[in-house]
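These notes are about the structure you will find just below.
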Amino acid sequence: MRVVTVGEMLELEQRSREEFGLTESLIIETVGIRVAEHLIAMLTQNASQIGERIIILIGKGNNGADGLAVARHLVHQGYAVDTFLLFPEDGYSLELKKQMKMAKAYGVSLDLLLDDAPLSAILDSSPQGVLLVDAVYGTGFRLPLPDNIAKIFASINSYQQGIYTISLDIPSGVTGDTGESDSDAVIANQTVAIGLPKVGHLQGSGPDYCGNIIVMDVSFPSALTTTGNRHLLSNSLLKSFVPTRNQTGSKREFGHLLVIGGSKGMSGAAVLTATAALKSGAGLVTVATWEDSYQELVSRLVPEAMLTAIPDFLSIDSCTEESNSERRDFFKRFDGVVIGPGLGRDKAARVVVLNTLKGFDGPVVVDADGIFALDWQKDSALLQKRSGDLVLTPHHGEFLRFANQQGRKILDSPATLLQERVAMPLNCSLVLKGPTTFLALADGSTYINHAPNDGMATAGSGDVLAGMIGSLLMQKPHHIDGVIFAVGWHSWAGIVAAESEEGIAMSAGTIISYLGRAFGEINSDREND
């Protein structure tokens with residue numbers, strides 16, 4: 001599913017009009033019908049949880065027109081709806097004026113609401129709860145909110161119970177391109193994204209205000225909605241990346257992964273990475289660790305994984321013919337490398353990372369301490385000239401340190417800047433981990449995985465993901481699609497685990513234990529789709 005900026009959505013709407021005859025009025029009518037059907041289904045199934053009284057707040061633009069179309073269709077179906085205009089009539093859009101005329105003809109009550117007192121009185125006098133629809137500002141909103149509107153929204157947000165808020169397209173007060181938000185922006189329980197998800201839903205503070213995001217199909221032409229290089233990693237899209245496996249293949253065919261890490265006191269990180277790699281299909285896994293942590297790892301490593309010491313020629317900063325030859329010979333045994341989990345942060349760790357990037361031509365995943373060892377300015381030339389796939393998997397703090405001065409600006413707009421500022425210039429793929437994970441791939445595409453899950457906010461969950469990415473990246477056929485599937489599979493396993501174990505009780509090992517079940521669900525879903 002494509003993710004768009006505000007400008008891209010406007011272009012899509014313009015092309016829909018010019019090439020397909022899909023007028024603005026027809027789009028608004030479709031929104032009204034489909035959102036009304038969605039609300040009726042919710043009320044039918046969960047009226048006791050979301051409230052019985054319906055209130056719709058209307059702005060002065062086309063988002064307000066959408067809201068009035070929804071109100072008209074609800075009234076037509078026999079629902080009582082209180083509809084409030086938050087602006088005087090001066091400045092109403094043409095489409096809003098059209099919808100007002102139709103709404104009045106259908107008997108929709110339209111009242112002007114210019115301050116928060118009348119709304120607060122209604123909310124206080126609704127013991128059965130309220131379903132409130134926010135149709136005030138759309139994705140073109142610009143900060144800040146007017147004072148009177150901010151007070152109305154603050155009043156809505158102050159109700160912790162008894163109100164269920166649904167925003168049309170985006171919560172009012174949130175910007176569509178950046179996710180930057182006014183402090184009094186509407187805090188929605190659910191956001192119905194019209195046609196396609198917008199960048200502002202998924203980055204900045206947007207996710208904190210959007211609640212559960214529902215993408216509503218309003219019949220934009222598929223030729224326009226499926227093109228583009230920025231995608232939401234939905235369940236249906238994830239299914240297209242399920243790796244194929246040769247049922248008669250040997251362990252050698254499924255690859256030999258080298259995990260370099262596990263310094264003293266941090267051996268658990270390498271253990272999790274190795275275990276996750278085995279559980280995601282690697283035929284063989286070897287962990288290389290420091291001499292002084294070897295015995296610690298022996299006692300913790302799963303029996304299926306092999307263990308070796310990091311050889312001296314990897315940890316010594318030497319470019320002699322002999323040392324280069326030793327490194328090449330060492331790496332010939334492996335099909336892929338994950339470097340960094342628990343590696344340590346001293347000078348020797350940096351040397352090992354650089355020698356690995358120079359000496360191994362296959363796919364490399366750099367995680368955790370491996371990223372800490374790198375520097376954007378010092379190492380960009382080395383990263384650019386690698387022939388094998390390179391994947392960096394930082395969380396936000398690791399990325400800020402790696403990217404130096406550029407990092408903060410990129411983190412503010414990862415959906416649009418990671419590709420042009422990181423992946424393409426450095427010839428790498430980058431997985432920026434978080435509640436919303438951004439994948440900027442070396443092929444020019446960006447994938448966004450939005451699956452907030454507090455159970456995955458636990459030590460070692462990133463080590464698990466690194467092992468999964470390394471495993472899938474090296475398995476035949478070698479392809480960067482493995483990175484996409486690993487992120488989605490990891491997330492799905494976390495969701496299944498949270499449903500079974502409760503998020504608060506989850507650990508990284510819990511995620512690993514649910515990988516098989518999650519994979520089965522993805523495959524089953526695909527076959528029955």
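Couple of notes before you dig in:
- Matching residues, the range 47-63, being crowded, with 20+ Cβ neighbours inside 10 Å and among the hydrophobic types (A, V, I, L, M, F, W, C): ILE50, ILE54, ILE55, ILE56, LEU57, ILE58
- GLY67 small (Gly, Ala, Ser) and either in a strand (DSSP E or B) or over 34 Å from the mean Cα position of the chain (by Cα) (or both): no
- Matching option when the condition is within 28 Å of the chain's Cα centre (by Cα), surrounded by fewer than 16 Cβ atoms within 10 Å (Cβ to Cβ) and small (Gly, Ala, Ser), among SER250, SER240: SER240
- Those residues of the range 432-470 which are assigned to a strand (DSSP E or B) and of a type outside the set (A, V, I, L, M), in sequence order: LYS433, THR436, THR437, PHE438, THR446, TYR447, ASN449, HIS450
- Comparison of ASP111, ASP147 shows that the only residue that is loosely packed, with under 14 Cβ neighbours inside 10 Å and in contact with a strand residue (DSSP E or B) (Cβ under 6 Å, 6 or more places away or on another chain) is ASP111.
- Test result for LEU473, under 19 Å from ARG386 (Cβ atoms), in contact with a Pro (Cβ under 6 Å, 6 or more places away or on another chain), in a helix (DSSP H, G or I) and assigned by TED's automatic domain parsing to the domain that holds LYS332: yes
- Considering each residue of the range 211-220 in turn, at least one proves to be farther than 30 Å from SER155 by Cβ, hydroxyl-bearing (Ser, Thr, Tyr) and not assigned by TED's automatic domain parsing to the domain that holds PRO414.
- In the range 283-314, of all residues being assigned to a loop (DSSP other than H, G, I, E, B) and touching an Asp or Glu at 6+ places or on another chain (Cβ under 9 Å), the one that is surrounded by the most Cβ atoms within 10 Å (Cβ to Cβ) corresponds to ILE310.
- Contact map, the range 397-410: first residue not assigned by TED's automatic domain parsing to the domain that holds PHE372, second residue exposed (fewer than 12 other Cβ atoms within 10 Å of the Cβ) and of a type outside the set (Val, Ile, Thr), Cβ cut-off under 9 Å, separation 6 or more or different chains; the map is empty.
- Residue check, SER325 at negative phi and either buried (at least 20 other Cβ atoms within 10 Å of the Cβ) or not in a loop (DSSP other than H, G, I, E, B) (or both): yes
This table checks each residue for (1) crowded, with 17+ Cβ neighbours inside 10 Å; (2) of a type in the set (Val, Ile, Thr); (3) in a helix (DSSP H, G or I); (4) at pLDDT below 95.
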residue	(1), (2), (3), (4)
ILE27	yes, yes, yes, no
GLN45	no, no, yes, yes
PHE84	yes, no, no, no
TYR92	yes, no, no, no
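- Any hit, the range 348-369, residues being under 24 Å from GLN405 (Cα atoms) and assigned to a loop (DSSP other than H, G, I, E, B): yes
- The set of residues in the range 478-502 that are of a type in the set (Ser, Thr, Tyr) and either at pLDDT below 95 or over 13 Å from ASN235 (Cβ atoms) (or both) contains only SER500.
The values are calculated or read from the model by the stated rules, or taken from the named source; none is laboratory data. It should be emphasised that the depicted structure is a prediction, and the values quoted were computed from it without experimental measurement. Here the Cβ is made from the backbone with ideal geometry for all residues, glycine too, and neighbour counts use every protein chain on show.
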